[in-house]
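Right, one structure below, let's go through it.
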Amino acid sequence: ELGDEAMKITVVGLWNSFPKNNEATSGYLLEKDGVTVLIDTGSGIAAHVQDYINIHDIHHIILTHYHHDHAADLEAFMLARRLAGRFNHRNQHLNLYGPENGEPAKLMKRAKYSKFHAIKKHSKFEIGPFKFDFHRNTHPGETYAVRAVDDLGSTLVYTSDSSYNAGLLRFAFGADLLLADCSFYEGFDARSEGHMNAGEAGLLASRADAGMVINI
């Protein structure tokens with residue numbers, strides 16, 4: 001938790017490419033004042049998030065991009081809401097936020113008991129006590145970093161997948177908690193893959209003056 005009465009952040013999964021045994025790839029749960037937002041639904045997230053919350057109590061899901069390690073379990077959440085709606089267990093739509101282009105976006109737009117909200121370069125969303133901004137990343141496919149600020153000003157920045165660049169540094173500046181892509185060891189060429197290595201992740205954290213950093 002980022003201080004008293006601030007948002008609670010649960011790292012449900014943080015592995016990239018594929019999950020470690022009995023764990024999950026990318027998924028982060030934000031909670032405050034009874035409002036929950038799940039950022040990314042990687043492989044294993046639908047199962048592991050239920051260690052912390054009922055799957056039917058998640059009403060907002062943000063997808064930073066549609067690579068499988070960030071979105072593999074998306075359809076499980078849509079199916080859960082469709083069944084809950086069909087049998088009158090929940091009457092609130094599942095709000096889905098993601099890049100407008102790609103096959104998963106087409107599925108989200110057609111899904112029953114769900115509502116799709118397109119993320120674009122300058123999109124802003126307000127969900128309960130949270131305000132969300134987005135930064136277009138340097139990564140194969142349309143990908144966004146996420147900045148979440150609660151009503152007390154506590155700030156989370158999640159880079160998702162991206163190579164190091166000045167725009168991302170500006171976007172991350174002053175974060176209380178920075179979840180930073182760190183997919184390669186220092187000295188490896190991560191840029192060609194659209195990622196950061198350990199040295200670049202450390203440089204981003206230092207220059208962004210982040211309060212806390214978790215390398216993912």
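The values are calculated or read from the model by the stated rules, or taken from the named source; none is laboratory data. Quick caveat: nothing in here was measured; it's all calculated off a predicted structure. Cβ sites come from the backbone with ideal geometry, for glycine too, and all protein chains shown count toward neighbours. The protein model used for the area step is the full one, side chains on, heavy atoms only, and it has no ligands, DNA or RNA in it. Shrake-Rupley method; radii C 1.70, N 1.55, O 1.52, S 1.80 Å.
What to note about this one:
- Residue within the stretch 54-68 that is under 15 Å from the mean Cα position of the chain (by Cα) and more than 24 Å from Glu126 (Cα to Cα) present: yes
- Looking at Ala111, Ala118, Ala80, just one residue is open to solvent by less than 40 Å² (accessible area, probe 1.4 Å), among the small types (Gly, Ala, Ser) and free of Cβ contacts under 8 Å to residues at least 24 places away in the same chain, and that residue is Ala118.
- Long-range neighbours under 7 Å by Cβ, at least six apart or interchain, first residue of a type in the set (D, E, K, R) within the stretch 187-216, second open to solvent by 80 Å² or more (accessible area, probe 1.4 Å): Asp209/Phe173
- The condition of being surrounded by 15 or more Cβ atoms within 10 Å (Cβ to Cβ), assigned to a strand (DSSP E or B) and modelled with pLDDT of 95 or more holds for only one of Glu31, Glu126, that being Glu31.
- On the stretch given as the stretch 168-202, residues that are open to solvent by 10 Å² or more (accessible area, probe 1.4 Å) and not charged (D, E, K, R) total 17.
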